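Novice: Pasting in a structure now, in structure tokens, and then I'll have a few things to ask.
The values are calculated or read from the model by the stated rules, or taken from the named source; none is laboratory data. Keep in mind the model is a prediction, meaning the values are calculated, not measured. A quick note on method: Cβ atoms are made from the backbone with ideal geometry, for glycine too, and the neighbour counts reach across all protein chains shown. The area values use the complete protein model at the heavy-atom level, side chains included, leaving out ligands, DNA and RNA. Shrake-Rupley method; radii C 1.70, N 1.55, O 1.52, S 1.80 Å.
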Amino acid sequence: MGRLSRPKRMIRVTCLGACGGVTGSNYLVETSRGVKMLVDCGLFQGGKDAERQNWEPWGFNPGEIKTLVLTHAHIDHCGRVPKLVADGFSGTILATPPTVELCRILLLDSAHIQENNAGWQTRRNRRSGRKEVQPLYTIRDAEESLSRFSAMERDQIREVEPGVKMRFRNAGHILGSSILELWLDDGEQEVKVVFSGDLGKDDQLIVRDAHEVYEADYVFVESTYGDRLHRSFPDSKNELLEAILHAYENGEKTMIPSFAVERTQEIIYVLSEFHREGKLPDIPIYLDSPLAIKATEIFRKNRKYWDEEAQEIIRQGHDPLDLPNLKFTPDTAQSIAINEKSGPAIVIAGNGMCTAGRIKHHLKHNLWRPGASLVIVGFQAQGTTGRRIVEGARTVKIFQEDVAVQAKVYTIGGFSAHGDQADLLEWIGHFGESRPRVFPVHGEAGAKMVFAEKIREKFGLEVHIPRLRESLLLKPREVKVESPGVELSDVPTPDTLHNLLVEMENTIRSIKRQAPERFKDVKDGDHDLERLQFIQEELAGIARDRK
Ligand SMILES: [Zn+2]
Ligand SMILES: [Zn+2]
């Protein structure tokens, strides 16, 4: 079939990550004025299949990109930056000042992990006569990429490329995290696109609540918890205390696998509150993660970004990120010593999904102990050890060894740094009058579908879930004047039809790629084949009617 002719004036966003999954955030933004820029450049995470995608071709030439904008420092949003630089990117990376500081420690840590894993795999391969393994990127690549960062404060509009203006807004997710507003001019008209980044929940600790944005033509919104409501935060705090007391009464440890940035600091914040209220038993608390220790220092340095409640605690003469029994254990020897000492303790260690880092040692030593507590406070991606534990696995593999899950597992949703369905819907609701088209991204398939349906139902907005590598042509949106109650999403405009056709063209390309394998030795009456014939006839019918 012939290619659909593209309009001369064009604004296009291609979804190269966090579509079809949660991780690997990466969007290519192009305009007919020659702009090619990126929003986020995250690592695909969660098991071998996901991680393989980090090695795949970018879908653009990194050397042609002049600007990369990062919404925040989580590795699923910035973790491929060193690879991008190693592959030829020599432009500017824009992020808020705390994001720049956090990226410095996170990218170096990530490079360290990449080098370690490759080294370990290489040694293993040599023994079995196979070839050596290259790291995704090296510490040198990460260092090189850090020189490309340029800090930009929130709430100011700046023209960053010809016809591209941008502004960061607070996303309330982690320190420095931002929503990105983009005004894209194709030479004739302007389109406003908003990327939510990751959105925090209402009244999240330490960071201020997400900024309400009122206008957009298109909104890319995260949907990690688009299908779920979090338990209330006071309940979550009580549960955390219950977990600690359970292990304490049994003379065992409470393990808290935690993300180094934000979650760890929130846990310390709550423990510090427990301490001030006299609820915490007198036991050692270890922050056993060099990365989380560094991140905590960055949080302490950046108090001006903290919310009112945290500022108030400081005014009352306390440090919300400290308490008397808290011990930092940056060195390996100190970490090993924790497991040599028996008796109750609280151990906060990375990484948050139990796939690497010191938490694995603590799990190996404590997960099989019936009196111990394991507190899961963050999202666990498919394919991770944390996810298997949450889903009730009896044993998990840790360092090649089967370890029984006999500790009491507490899954505490209220600590999430992501908004739940209600928070996300409320944020989308502010766009009301401008009636944007909404693209749910950054979520598992089920979460996105439920969320998309909710948005349609509640606001009557047009919603489309982009697939990985799908390109979306964006045009200015007409302001709708229909009276309420009309199913707007069912009223096709020339724009929506155009976009539908582009989507269909992409779909057909992907069907064409997959069909030979799928239909290799298929029998008549196969449903997919029938469906294909039906589509063919319908499309031919539409084209015939037009003539
Ligand atoms: Zn995030
Ligand atoms: Zn994310």
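Novice: Using a 1.4 Å probe and counting only protein heavy atoms, arrange E266, E426 so the residue with the most accessible area comes first.
Specialist: Working: E266 0, E426 90 Å².
Largest accessible area first, the residues go E426, E266.
Novice: Continuing with the same structure: Percent relative contact order of the range 96-170, based on C-alpha pairs within less than 8 angstrom and at least six residues apart?
Specialist: Numbers: 67 pairs, mean separation 23.7, N = 75.
Rounded, it is 32 percent for the range 96-170.
Novice: How many angstrom separate the Cα center of the range 299-364 from the Cα center of the range 110-162?
Specialist: 26 Å
Novice: Based on Cβ point charges of +1 for Lys and Arg and -1 for Asp and Glu, what charge dipole magnitude is obtained for the range 383-476 about its Cα centre, in debye rounded to the nearest 20?
Specialist: On the way: 14 positive and 12 negative charges, 50 e Å.
Approximately 240 debye in magnitude.
Novice: What order do you get for 162-172, 216-226 when each peptide is scored by the mean count of other beta carbon atoms within 10 Å, highest first?
Specialist: On the way: 162-172: 20.9, 216-226: 25.5.
Packing proxy ranking, top to bottom: 216-226, 162-172.
Novice: Going by average Cβ neighbours within 10 Å, how do the peptides 467-475, 250-258 rank, with the highest at the top?
Specialist: Values: 467-475: 18.2, 250-258: 25.0.
Peptide ranking by packing, descending: 250-258, 467-475.
Novice: How many nm is it between the label spots at K301 and D282, if each spot is 7 Å from the Cα in line with the beta carbon?
Specialist: 3.6 nm
Novice: For the range 10-149, take N as its residue count and report Rg(C-alpha) divided by 2.2 N^0.38 Å.
Specialist: On the way: Rg = 15.4 Å, N = 140, 2.2 N^0.38 = 14.4 Å.
Here the answer is 1.07, to two decimals.
Novice: A further question on this structure: For the full complex of protein chains and a 1.4 angstrom probe, list K448, K360 by accessible area with the highest value first. Could you put the intermediate results ahead of the total?
Specialist: Details: K448 10, K360 45 Å².
Sorted by accessible area, descending: K360, K448.
Novice: Normalised by the number of residues in the chain, what is the relative contact order in percent for Cα pairs under 8 Å and 6+ residues apart?
Specialist: 17 percent
Novice: Taking the solvent-accessible surface of protein heavy atoms with a 1.4 Å probe, what is the per residue accessible area of the chain in Å²? Display every interim value, and only then the final one.
Specialist: On the way: 25170 Å² over 547 residues.
Value returned for the chain: 46 Å² of accessible area per residue.
Novice: What order, most packed first, do the peptides 414-422, 365-373, 130-138 have when packing is the mean number of other Cβ atoms within 10 Å of each residue? Mind showing how you got there, number by number?
Specialist: Working: 414-422: 22.8, 365-373: 19.6, 130-138: 15.9.
So the order, starting with the most tightly packed, is 414-422, 365-373, 130-138.
Novice: Let me ask another. Longer than 31 Å from Cα to Cα, which of K36/K512; K301/K454; K48/K327; K304/K454 are they? Say none if no pair is. Mind showing how you got there, number by number?
Specialist: Details: K36/K512 28 Å; K301/K454 40 Å; K48/K327 35 Å; K304/K454 36 Å.
K301/K454; K48/K327; K304/K454, as the Cα separations exceed 31 Å there.
Novice: Follow-up. With r as the distance between the Cβ atoms of D235 and A333 and R0 = 60 Å, compute the FRET efficiency 1/(1 + (r/R0)^6) and round to 0.05. Intermediate values should be presented prior to the final figure.
Specialist: Values: r = 39 Å, r/R0 = 0.64.
Computed FRET efficiency for A333 and D235: 0.95.
Novice: If you roll a 1.4 Å probe over the chain with all protein chains in place, what percent of the accessible area is carbon or sulfur? Could you put the intermediate results ahead of the total?
Specialist: Details: 12410 of 25170 Å².
C and S fraction of accessible area: 49 percent.
Novice: In whole Å and largest first, what semi-axes does the C-alpha gyration tensor of the range 131-200 yield when each eigenvalue is scaled by 5 and square-rooted?
Specialist: On the way: eigenvalues 183, 63, 34 Å².
Taking √(5λ) for each eigenvalue gives 30, 18, 13 Å, largest first.
Novice: Also: If you rank K397, K364 by how much accessible surface each has, with a 1.4 Å probe, what is the order from largest down?
Specialist: Sorted by accessible area, descending: K397, K364.
Novice: Here's something else I'd like to know. Roughly what % antiparallel, to the nearest 5, for the DSSP beta bridges in the range 10-98? Working shown, then result.
Specialist: Values: 11 of 17 bridges.
Among the beta bridges of the range 10-98, antiparallel pairing accounts for roughly 65 percent.
Novice: Roll a 1.4 Å probe over the protein heavy atoms and report the accessible area of S32 in Å², nearest 10.
Specialist: S32 exposes around 40 Å² with every protein chain in place.
Novice: A follow-up question, please. Could you grab the Rg to Rh ratio for the range 85-234? Cα atoms only, Kirkwood for Rh.
Specialist: Working: Rg = 19.8 Å, Rh = 18.3 Å.
Reported Rg/Rh (Cα atoms, Kirkwood Rh): 1.08.
Novice: When the Kirkwood radius is taken over all Cα pairs of the chain, what Stokes-Einstein diffusion coefficient follows at 37 °C and 0.692 mPa s, in µm²/s? Please report the intermediate quantities before stating the final value.
Specialist: On the way: Rh = 25.0 Å.
Translational D for this selection: 131 µm²/s.
Novice: Nearest 5 is fine: what % of DSSP beta bridges in the chain come out antiparallel, could you say? Intermediate values should be presented prior to the final figure.
Specialist: Working: 35 of 70 bridges.
That works out to approximately 50 percent antiparallel.
Novice: May I pose another question? Taking a probe of 1.4 angstrom, what is the accessible area of L229 in Å², to the nearest 10?
Specialist: Solvent-accessible area, nearest 10 Å²: 110 Å².
Novice: Something else about it: Which are the unpartnered cysteines of the chain, meaning those with no other cysteine Cβ under 4.7 Å from their Cβ?
Specialist: Among the cysteines of the chain, those whose Cβ sits 4.7 Å or more from every other are C41, C78, C103, C354.
Novice: Over the range 366-418, what is the relative contact order in whole percent, taking alpha-carbon pairs under 8 Å and six or more residues apart? Mind showing how you got there, number by number?
Specialist: Values: 78 pairs, mean separation 26.9, N = 53.
Normalised by residue count, the contact order of the range 366-418 is 51 percent.
Novice: Once both labels are modelled 7 Å past Cα along the beta-carbon direction, what's the D402-L529 spacing in nm?
Specialist: Those two pseudo-labels are separated by 4.4 nm.
Novice: Given R₀ = 51 Å, what would the calculated FRET efficiency be for Q156 paired with I508, taking r from the Cβ atoms and rounding to 0.05? Let's see the in-between values first.
Specialist: Numbers: r = 43 Å, r/R0 = 0.85.
For R0 = 51 Å, the calculated efficiency reads 0.75.
Novice: Report the label-to-label distance for K165 and L539 in nanometres (one decimal), using points 7 Å from each Cα along the Cα→Cβ vector.
Specialist: Going by the 7 Å Cα→Cβ label model, 4.1 nm.
Novice: Continuing with this model, one more query. Output the Kirkwood hydrodynamic radius of the range 261-405, Cα pairs only, in Å rounded to one decimal.
Specialist: 16.4 Å
Novice: Do the sum for the chain: with -39,500 (n - 2.57) for every DSSP H run of n ≥ 4, divided by all residues, what is the mean residue ellipticity at 222 nm, to the nearest 500 deg cm²/dmol? Kindly include the intermediate steps, with their values, before the conclusion.
Specialist: Values: 16 runs with 198 residues, N = 547.
Result for the chain, helices only: -11500 deg cm²/dmol.
Novice: Could you pull the accessible area for S147 with a 1.4 Å probe, rounded to 10 Å²?
Specialist: The value for S147 is about 80 Å².
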